[in-house]
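Read through the structure below, which is laid out as structure tokens, and then see the notes.
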Amino acid sequence: NDVYARECGSCHMAYPPGLLPARSWERVMRELPSHFGDDASLPAEAVREITAYLQANASDRVVSRTGTKIGDSIGSGKAPLRISETRYFQRKHNEVPRIMVAENPQVKSFANCTACHREADKGVFDEHDARIPGFEWVRF
């Protein structure tokens, strides 16, 4: 979606919608005025278009192996705002010490997917191709 890529991708990677359920995306879009410490407010038409796109392609709306795993890891009724809050994400990243991410000036946060997953912007998160900057020699 061009509006999503332009508006959301101007500040951070436009996360693939299949990484969260529709209820989470609805919450993310509803809370744009206080979006992780920033005011990310958008015009109403852009909010409607982006919300529709995210919800239509969310993990609980599109059949995919990863989407099912994400959904199973969240639990019914919960609407996490961060992909990193899901048990699925935590299980996939449990071997990565925080020092390699949070204390790494080239990464800074697990939210910075593109730092380690070079094709994250295309929705590719293959752990075998992941490279942590400054720790390229480490294999998990």
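Suppose the chain between I99 and R65 were pulled fully straight at 0.36 nm per residue; how much longer would it get relative to their current alpha carbon spacing?
Details: separation 34, 0.36 × 34 = 12.24 nm, distance 3.02 nm.
That works out to 9.2 nm of additional length.
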Given a 1.4 Å probe, the accessible area of the range 8-132 per residue, as a whole number of Å², is 59 Å²
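If packing is taken as the average count of other Cβ atoms within 10 Å, what order do 38-47, 60-69 fall into, highest mean first?
So the order, starting with the most tightly packed, is 60-69, 38-47.
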Of all the accessible heavy-atom surface of the range 32-140, with the other protein chains kept in place and a 1.4 Å probe, what percent is carbon and sulfur? 51 percent
Among N112, G37, S24, the residue whose Cα sits farthest towards the positive end of the charge dipole of the chain, when +1 is placed on the Cβ of each Lys and Arg and -1 on the Cβ of each Asp and Glu, is S24
What is the magnitude of the charge dipole of the chain about its Cα centre, with +1 placed on the Cβ of each Lys and Arg, -1 on the Cβ of each Asp and Glu, and no other charges, expressed in debye to the nearest 20? 460 debye
Dipole-positive endmost among P97, L81, C11 within the chain (Cβ charges, Cα centre): P97
One finds the C-alpha centres of the range 78-140 and the range 12-53 to be spaced, in Å, by 21 Å
Tell me which residues come under 5 Å, amide H to amide H, from H35 once H is placed; ignore anything under 5 positions away on its chain. A40
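The values are calculated or read from the model by the stated rules, or taken from the named source; none is laboratory data. In this text, all values refer to a predicted model and were calculated from it rather than measured experimentally. Neighbour counts run over all protein chains shown; Cβ positions are idealised from the backbone, glycine included. Calculation scope for accessible area: heavy atoms of the full protein, side chains included, ligands and nucleic acids excluded. Shrake-Rupley method; radii C 1.70, N 1.55, O 1.52, S 1.80 Å.
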